[in-house]
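Colleague: Okay, here's the structure, questions in a sec.
The values are calculated or read from the model by the stated rules, or taken from the named source; none is laboratory data. Predicted, not measured: the structure shown is a model, and the values here were computed from it. No Cβ is skipped: glycine too gets one built from the backbone with ideal geometry, and neighbour counts run over all protein chains shown. Just the protein is used for accessible areas: all its heavy atoms, side chains included, with ligands, DNA and RNA removed. Shrake-Rupley method; radii C 1.70, N 1.55, O 1.52, S 1.80 Å.
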Amino acid sequence: METVDLNVSATLRNRKFLALLAIALLVTYALPFPLINGPLHDYSRLKRIMERMTKENDAIVCHNVLDTNPDFFGSHGMKCDDEYYRPNKSTVTVGDLIVYEDTYNEYLRAREDLKRGLSVFILFAIFVFLATLGFGYAMVDFAVGLSAGTERRLQDSLTSGLRAIPALAASEILVFIVLLLVLILLAIPMALLGPFSNVLAGLVASPAFALVVPAYYFTKNIGLIEEIWRVVKKNTGGYFALGAGLVLVDGLMVLQYNLGLGIWTLPVMITIGAVRYPLNSLGALKVYLDTEREEETSNEEKET
């Protein structure tokens, strides 16, 4: 592999790189946003209704218990939430929940609205996946050229990224299959961690997906499992540091989907994307290159 002296700070200050990042954010998030704004609003509305149903269930069950013997339970300090309790209103049972009938009907309407927009959101997710691969490759290509002292034209880097998408997608699918098998084997010990199991899964999986782009850039091989495993063994700290950053950023992206920020959704999405793109491209490239340097250092020490 050619020697690459990557200067992350200088790359992030480069005007052409910033222009490439701006194009990526525009194409990935800004332009498709009008199409997904409706489904995002429906998803947030459905989440709020489901939260209300849970609170209604707690209030109804609490009052049902309290009403069986108000003096006894009241004397023992039992209190129930009155905000979500509406006596004499019709209730229905939904799974393990007891909720008010009008709330359940509102839930059904919101679910149907979300189903109608689900196909658009799935297409958006696929588009973001492919666009992230293409623009990530273009950023790696530009950064490598910049480190060699030969700035590439944005058009050339973008063209290279576009051409690499099919191979990158195939590599990502292969990595996904292997990671799925690994996570299945680790399912039982990870289950002991409770909520932290999702974080651990992200720490293991997210850097592997990010490393596909730089690994393919230098090897031009679709099967990259050995390359990624080499990074895990030789640069474990860098691998999991990259994973920690990606888990944090992805968590923020999911959180803003759940919060339903209205007019702030797009600005927040772009802001998070402006962090994720460099992390997913330059961050992964640096981890990959640092692995090469550590191997070279180790080989030199063995020779001496």
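Colleague: Please list, in order, the residues from the range 1-39 whose amide nitrogen is less than 11 Å from a point placed 7 Å along the Cα→Cβ vector of E151.
Modeller: Correct set: 14-19.
Colleague: Let me ask another. With an 8 Å cut-off on Cα pairs and a minimum separation of 6 or more residues, tell me the relative contact order of the range 10-137 in percent. Walk me through the numbers on the way to the answer.
Modeller: Values: 83 pairs, mean separation 47.5, N = 128.
Relative contact order here is 37 percent.
Colleague: May I pose another question? What is the chain's relative contact order, in percent, from Cα pairs under 8 angstrom and six or more apart in sequence?
Modeller: Working: 280 pairs, mean separation 70.6, N = 304.
Computed over the chain, the figure is 23 percent.
Colleague: Between A187 and I263, with labels modelled 7 Å along Cα→Cβ, what's the label distance in nm to one decimal, could you check?
Modeller: Reported label-point gap for A187 and I263 is 4.7 nm.
Colleague: Which of E292, E172, E106 moves the most in a Gaussian network model of the chain with Cα springs under 10 Å?
Modeller: Looking only at E292, E172, E106, the biggest GNM fluctuation is shown by E106.
Colleague: Still on this structure, I have one more. Enter the accessible area of L123 (Å², nearest 10), with the probe set to 1.4 Å and all protein chains included.
Modeller: Here the residue's solvent-accessible area equals roughly 120 Å².
Colleague: Could I have the simple spin-label model distance between T159 and K233, label points 7 Å from Cα toward Cβ, reported in nm to one decimal?
Modeller: Those two pseudo-labels are separated by 3.9 nm.
Colleague: To continue, here is another question. Order E56, E51 by their accessible area, 1.4 angstrom probe, all chains in place, largest first.
Modeller: E51, E56
Colleague: Can you give me the angle between helix 265-278 and the longest principal axis of the chain, using Cα atoms only, in degrees from 0 to 90, rounded to the nearest 10?
Modeller: Taking the Cα atoms of the chain, the angle to 265-278 is about 30 degrees.
Colleague: Contour minus end-to-end for N69 and R109, with contour as 0.36 nm per residue of separation and end-to-end as the Cα-Cα distance? List each step's numbers first, then the result.
Modeller: Numbers: separation 40, 0.36 × 40 = 14.40 nm, distance 3.75 nm.
Separation in residues times 0.36 nm, less the Cα-Cα distance, equals 10.7 nm.
Colleague: Let me ask another. Could you state the angle between the C-alpha long axis of helix 33-68 and the longest principal axis of the C-alpha atoms of the chain, as a value from 0 to 90 degrees rounded to the nearest 10?
Modeller: Rounded to the nearest ten degrees, it is 40.
Colleague: Considering the zone a paramagnetic label at I173 would reach in this model (a point 7 Å from Cα along the Cα-to-Cβ line), which residues of the range 214-249 have amide N under 14 Å from it?
Modeller: It comes to 222-223, nothing else.
Colleague: Same structure, new question: Assuming a strict under-27 Å limit between Cα atoms, what lysine pair count do you get for the chain once near-sequence pairs (fewer than 8 apart, same chain) are dropped?
Modeller: For the chain, qualifying lysine pairs total 18.
Colleague: Can you show me the helix-derived [θ] at 222 nm for the chain, built from DSSP H runs with n ≥ 4 at -39,500 (n - 2.57) apiece and divided by the number of residues, rounded to the nearest 500. Present the calculation step by step, with values, prior to reporting the outcome.
Modeller: Numbers: 12 runs with 235 residues, N = 304.
The helix-only estimate for the chain comes to -26500 deg cm²/dmol at 222 nm.
Colleague: Round to the nearest 10 and report in Å² the accessible area of M50, as given by a 1.4 Å probe over the protein chains' heavy atoms.
Modeller: It works out to around 90 Å².
Colleague: Multiply the residue separation of M50 and A10 by 0.36 nm, subtract the distance between their alpha-carbon atoms, and state the gained length in nm to one decimal. Please report the intermediate quantities before stating the final value.
Modeller: Numbers: separation 40, 0.36 × 40 = 14.40 nm, distance 4.74 nm.
That works out to 9.7 nm of additional length.
Colleague: Please report the accessible area of D67 (heavy atoms, 1.4 Å probe, ligands and nucleic acids excluded) in Å², nearest 10.
Modeller: Counting only protein heavy atoms, D67 exposes about 90 Å² to solvent.
Colleague: Right, next: Assuming R0 = 22 Å, what is the FRET efficiency of I222 and A22, from their Cβ-Cβ distance, to the nearest 0.05?
Modeller: Numbers: r = 30 Å, r/R0 = 1.37.
Efficiency for this residue pair is about 0.15.
Colleague: Taking the chain as the reference, fit the longest principal axis to its C-alpha atoms, fit the long axis of helix 284-303 to the helix C-alpha atoms, and give the angle between the two in degrees, 0 to 90, nearest 10.
Modeller: 50 degrees
Colleague: So, one more: Assuming R0 = 30 Å, what is the FRET efficiency of L31 and D250, from their Cβ-Cβ distance, to the nearest 0.05? Kindly include the intermediate steps, with their values, before the conclusion.
Modeller: Values: r = 22 Å, r/R0 = 0.72.
Efficiency, rounded to the nearest 0.05: 0.90.
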